[in-house]
Ligand SMILES: Nc1ncnc2c1ncn2[C@@H]1O[C@H](COP(=O)(O)OP(=O)(O)OP(=O)(O)O)[C@@H](O)[C@H]1O
Ligand SMILES: [Mg+2]
């Protein structure tokens, strides 16, 4: 059977890894980009907060937001010879926001916007802005560069589909009645008064409330006035982003761990993706405990008493975890059918270099399979 990720990689120009915190989104994104390059499809992986050692092995020790080609020598040192170039970048949220304002805002407003403290706080703290920025960058890369494949990593999300709502949330912020009200001439003239505190529980009000302590209302008014002209651009981009995510050449790779609480999140996430009519190429179940190979038991039985007991205990614990994982995986498979699952074992060490990414890719590609997976057919 051809691995579903192999098919997705061949047929897609954008892959997005999604899932809850710490499950392996960044690892899987980098692995997919590496595999694409090895197979002859030039790739760019856009990572978000990669572990330092992974960033180093991808040559990303410098500043973020620029794409760097992984040098041939780095690949050679890992014993790999890719057939197409692989690029990687670290997404710098703050800088992407600034670039966005620089591109969108009329020249006379640019500096004003960038220099208000309100903007500075907003661009780093606005809920969902990370997700928005990631999507924004993706659109820009698709429009201005010609990578055959862009793999987008996503930030750890507290709420499953934050990144899908993000563009509309930004619009909500800009479009909100309260925001419009803030733009009235009265406000511009500095007559803001206490009405600001009657905005109710709206999103914009809550956001504003977070800053009023440190920012004067006049500055806020200036900011809102300056940013008001940007609405159209944001709205257009929100539609573009949505269209790109729904395109037949875009696929999502949902990453999860095999433990029960992770699986419930993954099932929920999967349902939301399906409701949003987004293509899910596969669910990667990462860090699965492999069953103890049958051949190992007789070998252990030959060990001296003292060692035998210790080994047996470890193997039994492992066997228990593997059984538990297998049960969870069967539940996930059923709940998310017909979306295929791809299992990746828990390795003894972190996946922080090209060699380990390559090892991981063997499972994504179907060159290697876990016993649990084989049993499921
Ligand atoms: N199969 C695996 N076996 C062992 N370690 C793994 C495996 N997959 C990932 N790791 C390690 O687990 C850690 C978390 O992985 P990763 O950073 O990819 O998760 P993430 O989902 O991107 O996290 P975050 O939500 O914080 O961005 C990393 O140190 C990574 O090297
Ligand atoms: Mg990550």
Output the residue which, of all residues in the stretch 264-314 that are touching a helix residue (DSSP H, G or I) at 6+ places or on another chain (Cβ under 6 Å) and assigned to a helix (DSSP H, G or I), is nearest to residue 350 (Cα to Cα).
-> 311
Could you tell me whether any residue of the stretch 315-338 is more than 16 Å from ligand 2 (Cβ to nearest atom), part of a loop (DSSP other than H, G, I, E, B) and within 23 Å of residue 30 (Cα to Cα)?
-> no
On the given criteria, is residue 17 within 16 Å of ligand 2 (Cβ to nearest atom), crowded, with 24+ Cβ neighbours inside 10 Å, touching a residue at least 12 places away in the same chain (Cβ under 8 Å) and not in a strand (DSSP E or B)?
-> no
Mind listing whichever residues of the stretch 47-57 are within 12 Å of ligand 1 (Cβ to nearest atom) and either farther than 20 Å from residue 17 by Cβ or outside any helix (DSSP H, G or I) (or both)?
-> 47, 48, 49, 50, 51
Search the stretch 22-35 for residues that are over 18 Å from residue 156 (Cβ atoms) and touching a residue at least 40 places away in the same chain (Cβ under 8 Å) and pair each with any residue that is within 13 Å of ligand 2 (Cβ to nearest atom) and outside any helix (DSSP H, G or I) when their beta-carbon atoms are under 6 Å apart and the residues are at least 6 apart or on different chains.
-> 32/151; 33/45; 33/151
Keeping to the stretch 18-46, report how many residues are more than 21 Å from residue 70 (Cα to Cα) and more than 8 Å from ligand 1 (Cβ to nearest atom).
-> 1
Residue that is more than 16 Å from ligand 2 (Cβ to nearest atom), touching a strand residue (DSSP E or B) at 6+ places or on another chain (Cβ under 7 Å) and not in a helix (DSSP H, G or I), where the choices are 60, 44 | 44
Output the number of the condition that residue 92 fails; it satisfies all remaining conditions of (1) within 16 Å of ligand 1 (Cβ to nearest atom); (2) in contact with a helix residue (DSSP H, G or I) (Cβ under 8 Å, 6 or more places away or on another chain).
-> (2)
Of the residues in the stretch 339-359, those that are within 16 Å of ligand 2 (Cβ to nearest atom) and either closer than 16 Å to residue 255 by Cα or in a helix (DSSP H, G or I) (or both) come to 344, 351, 356, 357
Within the stretch 62-78, can one find any residue that is within 16 Å of ligand 1 (Cβ to nearest atom), under 21 Å from the mean Cα position of the chain (by Cα) and farther than 21 Å from residue 3 by Cα?
-> yes
Could you check residue 348 against (1) in contact with a helix residue (DSSP H, G or I) (Cβ under 7 Å, 6 or more places away or on another chain); (2) within 16 Å of ligand 1 (Cβ to nearest atom) and say which number it fails?
-> (1)
Conditions (1) under 29 Å from residue 267 (Cα atoms); (2) within 16 Å of ligand 2 (Cβ to nearest atom); number of the one not met by residue 12 = (2)
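Filter the stretch 143-161 down to residues that are buried (at least 18 other Cβ atoms within 10 Å of the Cβ) and either away from ligand 1 (no atom under 16 Å from the Cβ) or outside any loop (DSSP other than H, G, I, E, B) (or both) and give me whichever is modelled with the lowest pLDDT.
Looking at residues that are buried (at least 18 other Cβ atoms within 10 Å of the Cβ) and either away from ligand 1 (no atom under 16 Å from the Cβ) or outside any loop (DSSP other than H, G, I, E, B) (or both), I get 152.
The values are calculated or read from the model by the stated rules, or taken from the named source; none is laboratory data. These numbers come from a predicted model, not from an experiment. Cβ coordinates were reconstructed from backbone atoms using ideal geometry, including for glycine residues, and neighbour counts include every protein chain displayed.
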